Amino acid sequence: ALFGCGLVGFIDDYRKVVKARSLGLKARSKIIWQLVIAILVGLVAVNFANLATTVQIPLTHLVIPLGSPAFKFSIMHKAIVVPILYITLVFIIMTATTNTVNLTDGLDGLAAGTVTISMLAYAGIAFRQNRLDLAIICAAVGGAAIGFLWFNSYPASIFMGDTGSLGLGGVIAIMAILTKTELLLVLIGGIYVIEGLSVIGQIVSYRWFKRRILKMAPIHHHFEMQGWSETQIMMRFWIISGIFAGIGFGIYFMTATSTASH
């Protein structure tokens, strides 16, 4: 997930910088490659890591089965199961997360800081599940983001580009999938949801009603045009991200405790 999404971002950055193409990869091309990555990641997770094709509704004992419809095929005498609905969910999660993290990477330090917060939340969840392998990866990615943030904070001397934002978005997405907290990603990555909805709302409002709901989208640019400094926006969005991640972790802890006692 990290290297696949990062590679898509690298190709996009390469075209922008080296080939001097301001648009980089077309949106359709990005979606197609993200679909390929999601299918590969989903199939490996389900067939080789024994990932359950279910989704738990937080704060309840309800579990949504997404294992059927499915079809099978064989590779080197290994039966591969393709659960269509769950693979579709994996694609939606990965595409939405990578692209909204990419949208968030519009101000110095904004994406790196929020990724660090999300990774810390998932490190806690993985540790709670006794998945130390995942916890170590989360801690490593979070630590790398902190190290990067030293040079990326305002005024930045280094930038992550699409290589970093898409790659880090892929890590966040796959952690939600592997820890079976797919629905809680809406909270843990709440700041990305807000950024994504701000763009969607702006586009829909302008195309349908010829009115802009924001001075500029994504929403961090709206506040920038309102007169907020980059540092103010960065710090306040970090605070909001921390609140969302804390709520998401709290709900997970309550759900896990309730399920264990049940």
The local net charge around residue 256, scoring Lys/Arg +1 and Asp/Glu -1 for residues other than residue 256 whose Cβ lies under 14 Å from its Cβ, equals +3
Hey, what's the Cα Rg ratio for the chain versus the globular rule of thumb, 2.2 N^0.38 Å? 1.04
Within the range 1-60, which trypsin sites (Lys or Arg not before Pro) sit in a loop by DSSP and count at most 16 neighbouring Cβ atoms inside 10 Å? 19, 21, 26
Lys and Arg at +1, Asp and Glu at -1: neighbours of residue 65 with Cβ under 14 Å from its Cβ sum to 0
Using the scaling law 2.2 N^0.38 Å as the reference, what is the normalised Cα Rg of the range 192-262? 1.55
For 61, 222, what's the fewest-to-most ordering of other Cβ within 10 Å of each Cβ? 61, 222
For Cα pairs less than 8 Å apart in space and 6+ apart in sequence, what is the mean separation divided by the residue count of the range 2-261, i.e. the relative contact order in percent? 24
The range 1-115: radius of gyration over Cα atoms, expressed as a fraction of 2.2 N^0.38 Å: 1.29
Sorted by Cβ density within 10 Å, fewest first, the residues 225, 160: 225, 160
Give me, ordered by chain and number, the residues 5 or more places off residue 54 or on other chains with an amide H under 5 Å from its own placed amide H. 66
I need 154, 86 ordered by Cβ neighbour count within 10 Å, fewest first. 154, 86
How about residue 78: which lysines have a C-alpha closer than 26 Å to its C-alpha, ignoring those fewer than 8 places off in the same chain? 180
Listed peptides 232-240, 161-169, 1-9 by packing density, highest first (mean Cβ within 10 Å): 161-169, 1-9, 232-240
Please enumerate, by chain and number, the lysines with C-alpha under 19 Å from the C-alpha of residue 16, excluding those fewer than 8 residues away in the same chain. 26, 30
Residue-count net charge about residue 155 - beta-carbon cut-off 13 Å; Lys, Arg +1, Asp, Glu -1: -2
Other-chain or far-sequence residues with amide H under 5 Å of residue 80's (modelled H): 73, 74, 75
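Since every read-out is calculated from the coordinates, none of them should be taken as a lab result. Just so we're clear, the structure is a prediction, and the values are computed from it rather than from any experiment. So basically every Cβ, Gly included, is an ideal-geometry build from the backbone, and we count neighbours across all protein chains shown.
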